[in-house]
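Data first, discussion second: the structure below is written as structure tokens.
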Amino acid sequence: LQRMMKASLPQCLLVAMLQLTVHSLTQIAHHYNKPKVTDPQEQHPHEGDSLESCQQIVPSNTDFAFRFYRQATTQEPGKNIFFSPVSISTAFALLALGSRANSQTQVLEGLAFNLTNTRKEEIHNGFHHLLLLLNRPDSKVQLSMGNTLFMDKHLKPLKTFLKDIKKLYKGKVVSIHMKFNLGYLVVTEHSTAKTTGNTVFNKHGITLIFKYESYWENPFNIKGTHKDYFHVNAKTSVEVKMMTRDGFYQTYSDRKLSCEVVQLPYKGDVAALFILPNEGKMKQLEDALTKDTLSKWEKSLERRRIEVYIPKLSISGTYDLKKMFMNLGVTDVFSDRADLSGITGKPDVKVSKAAHKALLKIHENGTEAAAVTSTDFLPHSVPPVVKFDHPFLLLIVDQYTQSILFMGKIVNPTEK
């Protein structure tokens with residue numbers, strides 16, 4: 001937030017912060033038929049209430065993920081897409097907490113909430129419990145989420161706002177001199193984790209950089225990785241390092257949408273859904289992306305033996321959230337019509353910039369180092385082959401809350 005000339009409004013910079021650490025779980029036994037997440041024997045006291053509360057917002061969060069995805073593909077057709085919808089949703093829900101009147105309504109509706117059916121208090125309470133569950137102590141995957149609002153040092157946030165964002169969103173406010181060119185300063189860095197989250201800000205604003213690296217529950221054997229071709233389109237093919245594994249996976253063949261769905265579990269409660277459309281059927285698949293489609297896939301998954309081929313890759317996605325949200329109808333908070341008086345008690349405040357960057361690496365074991373071989377006891381018959389050698393979709397889902405942590409479209413694995 002910044003105090004400026006009368007002709008313009010003070011500004012604030014919004015950044016969503018999401019860090020994920022996946023611990024090595026060599027002592028954890030692998031099993032295929034896990035209890036359902038709602039099994040009370042699998043819950044701690046009060047965890048059922050938290051799950052029920054966060055389930056009120058998860059459907060809207062899923063809708064938002066697909067809305068954002070469509071915006072990203074429209075702005076960058078033919079490019080790789082990768083972002084963290086839960087991180088973005090949480091950050092803008094925090095912004096809505098300090099918004100008032102039409103500014104607040106636009107933000108919440110931009111996040112795909114129907115305010116006729118869901119009260120604002122239920123939304124913020126839902127995010128609060130979602131953050132608690134993503135950070136639950138018994139989880140083998142530790143998600144550390146927080147949100148930071150950068151404000152001009154001449155403005156002071158309301159004590160009630162500071163209290164609310166800390167309680168509901170584990171958030172905080174940082175005062176900076178917004179006219180001073182700070183260059184590229186790393187504010188937060190967790191370099192020891194397998195996943196790192198860096199917040200970088202300069203004279204133009206703030207960007208969240210999020211890097212995702214994790215361990216497969218069933219690693220690929222490095223010895224099986226070989227050179228192969230990935231067909232970007234009918235005219236372009238690129239050479240990639242193709243990983244392969246023969247084993248048992250949860251899969252589903254969606255004949256209606258002409259695609260194959262393969263679930264690859266990470267260690268913990270997180271799994272990746274790889275969705276491979278038939279050649280020429282990507283648009284049909286994208287048009288059908290809804291929470292009902294995702295629910296159908298997850299309910300239809302069946303364990304079967306396949307030989308899966310997935311390219312090694314390292315990609316990133318960078319997004320101007322201001323532009324994206326304005327296209328979703330969220331305009332007031334970025335303009336002179338902004339009412340963010342719930343943050344400072346003053347109406348002359350607007351968001352100057354919000355940006356998001358996410359990075360994904362997929363390797364044999366989730367990291368560059370160490371070759372780990374996992375063996376299933378397999379019959380001698382030849383399994384069906386599912387080969388991700390042309391553009392496909394990727395969803396990384398926290399199975400406990402059914403929240404989409406990351407979403408992507410891999411068009412060219414060789415493009416960074």
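Some points to look at:
- Legend: calculated FRET efficiency, SER300 to LYS163, from the Cβ-Cβ distance at R0 = 56 Å, rounded to 0.05, equals 0.80.
- Our note on the geometry: Cα centres of the range 74-92 and the range 301-366, 4 Å apart.
- Taking amide H positions as modeled 1.01 Å from N, with prolines and chain starts lacking one, the residues under 5 Å from ILE176 and 5 or more places away or on another chain are MET151, ASP152, LYS153.
- Peptides ranked, highest mean first, by Cβ atoms within 10 Å: ranges 81-89, 303-311, 221-229: 81-89, 303-311, 221-229
- Amide H within-cut-off set for SER403, under 5 Å, with H built and near neighbours excluded: ASP398
- Three-way shape label, the range 241-337, alpha-carbon gyration tensor, a/c 1.5: prolate
- Phi angles across the range 276-283 convert, under the Karplus curve 6.51 cos²θ - 1.76 cosθ + 1.60 with θ = phi - 60°, into 3J(HN,Hα) values of 10, x, 5, 3, x, 10, 4, 4 Hz, Gly and Pro given as x.
- Gain on full stretching of the segment that runs from SER237 to LYS120 - 0.36 nm per residue minus C-alpha separation: 37.2 nm
- Once the Cβ-Cβ distance of LYS79 and ALA288 is raised to the sixth power relative to R0 = 25 Å, the FRET efficiency obtained is 0.75.
- Of the trypsin sites (Lys or Arg not before Pro) found in the range 230-290, those that fall in a DSSP loop while having at most 11 other beta-carbon atoms within 10 Å are LYS235, ARG255, LYS256.
- ASN102 versus LYS416: modelled label distance in nm, points set 7 Å from Cα along the beta carbon direction: 4.4 nm
- Across the range 116-132, computed HN-Hα scalar couplings (Karplus, 6.51 cos²θ - 1.76 cosθ + 1.60, θ = phi - 60°) run 6, 9, 10, 6, 4, 5, 5, 5, 5, 5, x, 5, 4, 6, 4, 5, 4 Hz from first to last residue, x flagging Gly and Pro.
No value in this document is a laboratory result; all are computed from the given coordinates. Everything numeric here is computed off the predicted structure, so don't read it as measured data. Virtual Cβ from ideal backbone geometry, glycine too; neighbours counted across all protein chains shown.
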